[in-house]
Ligand code: ADP
């Protein structure tokens, strides 16, 4: 098995001639937490959209597990184990937390939701759903309506529904955005836990979180890779300081 799980070559996205992502070479090592950072408009979200095929590339190649996935569809990519948080599952506020995860498991296993199925059949998913809720620290909220959860716990539930797809690699888009201090600490611990035995690619604005979590960081600015390395290395880079840290 190759050390590199995800790799891009010359990944480029143009919107009517505007180059949002320019010739990006990413190399994500298996089993690591890899951060993708950069100022607003740097191209981070566009990169995520390209990697998960929400947008087609203008040029370049995306290789996952040694396979060229450049022309696959989002659902095919999720099936290969490369899953973006919130890609397939959303949180349904009027269902309970447990029902949300159960539904995600049903969908992950290819069973479309069937309103005529007796409740007893649906329950076979419950033991796995409870395991996933335990993984994200939501066991005691299993019977609560998802809509009643705090913002931070809703994000944890979204991660549980993503885990239902049994990802090998997870793409997390700003997991701590808009969170209180306590929630940030909880999500950091959670990301570390879900990263065990997986690979995580993370877009994150909070540099303390990036420093604490990421093994490798790619810094983007104006669509191009400015620097790559561990936090100490990239944060010392004068180009990064000028473009990103504003110093
Ligand atoms: P980031 O996530 O780093 O803030 P984005 O990937 O959202 O950056 O955006 C990168 C650049 O591409 C920005 O200048 C943005 O305005 C532009 N852009 C993103 N999506 C589109 C689109 N659908 N059409 C035109 N321009 C876009």
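For a quick check of your reading of the model, give me the residue pairs whose first member lies in segment 134-158 and is more than 20 Å from residue 123 (Cβ to Cβ), whose second is surrounded by fewer than 14 Cβ atoms within 10 Å (Cβ to Cβ), with beta-carbon atoms closer than 6 Å and at least 6 apart or on different chains.
Close Cβ pairs (under 6 Å, with a partner that is surrounded by fewer than 14 Cβ atoms within 10 Å (Cβ to Cβ)) amount to 147/93.
Using the structure shown, decide if residue 72 is surrounded by 15 or more Cβ atoms within 10 Å (Cβ to Cβ) and in contact with a strand residue (DSSP E or B) (Cβ under 8 Å, 6 or more places away or on another chain).
Considered against the rule, which asks whether it is surrounded by 15 or more Cβ atoms within 10 Å (Cβ to Cβ) and in contact with a strand residue (DSSP E or B) (Cβ under 8 Å, 6 or more places away or on another chain), residue 72 comes out as no.
How many residues are crowded, with 17+ Cβ neighbours inside 10 Å and more than 12 Å from the ligand (Cβ to nearest atom) when one looks only at segment 13-50?
Residues in segment 13-50 being crowded, with 17+ Cβ neighbours inside 10 Å and more than 12 Å from the ligand (Cβ to nearest atom): 6 in total.
It is to be established whether one or more residues within segment 100-110 are more than 16 Å from the ligand (Cβ to nearest atom), within 17 Å of the chain's Cα centre (by Cα), farther than 13 Å from residue 171 by Cα and modelled with pLDDT of 95 or more.
The answer is no; no qualifying residue exists.
Would a scan of segment 3-10 turn up a residue that is within 16 Å of the ligand (Cβ to nearest atom) and assigned to a strand (DSSP E or B)?
yes
Consider residue 85 against the criteria (1) within 14 Å of the ligand (Cβ to nearest atom); (2) in contact with a helix residue (DSSP H, G or I) (Cβ under 6 Å, 6 or more places away or on another chain); (3) modelled with pLDDT under 95: it satisfies all of them except one. Which criterion is unmet?
(1)
Hey, any hits in segment 38-57 for a residue that's part of a strand (DSSP E or B), at pLDDT 95 or above and either closer than 29 Å to residue 241 by Cα or more than 20 Å from the chain's Cα centre (by Cα) (or both)?
No, segment 38-57 has no match at all.
Enumerate the pairs (first residue in segment 27-50 and touching a residue at least 40 places away in the same chain (Cβ under 8 Å) and on the phi > 0 side of the Ramachandran plot; second residue anywhere and assigned to a loop (DSSP other than H, G, I, E, B) and near the ligand (Cβ under 9 Å from one of its atoms)) with beta-carbon separation below 8 Å, excluding pairs fewer than 6 apart on the same chain, so at least 6 apart or on different chains.
41/222; 43/222; 43/223
Being at negative phi and under 20 Å from the mean Cα position of the chain (by Cα) is the filter here; which residues of segment 213-247 pass it?
Those that are at negative phi and under 20 Å from the mean Cα position of the chain (by Cα): 213, 214, 215, 216, 217, 218, 219, 220, 225, 228, 230, 231.
Of the residues 156, 164, which is buried (at least 19 other Cβ atoms within 10 Å of the Cβ), within 28 Å of residue 95 (Cβ to Cβ) and over 13 Å from the mean Cα position of the chain (by Cα)?
Checking each option against the conditions leaves just 164.
The values are calculated or read from the model by the stated rules, or taken from the named source; none is laboratory data. Owing to the predicted nature of the structure, the values given are computational and were not obtained by experimental measurement. Cβ: placed from backbone, ideal geometry, glycine included. Neighbour counts: every protein chain shown.
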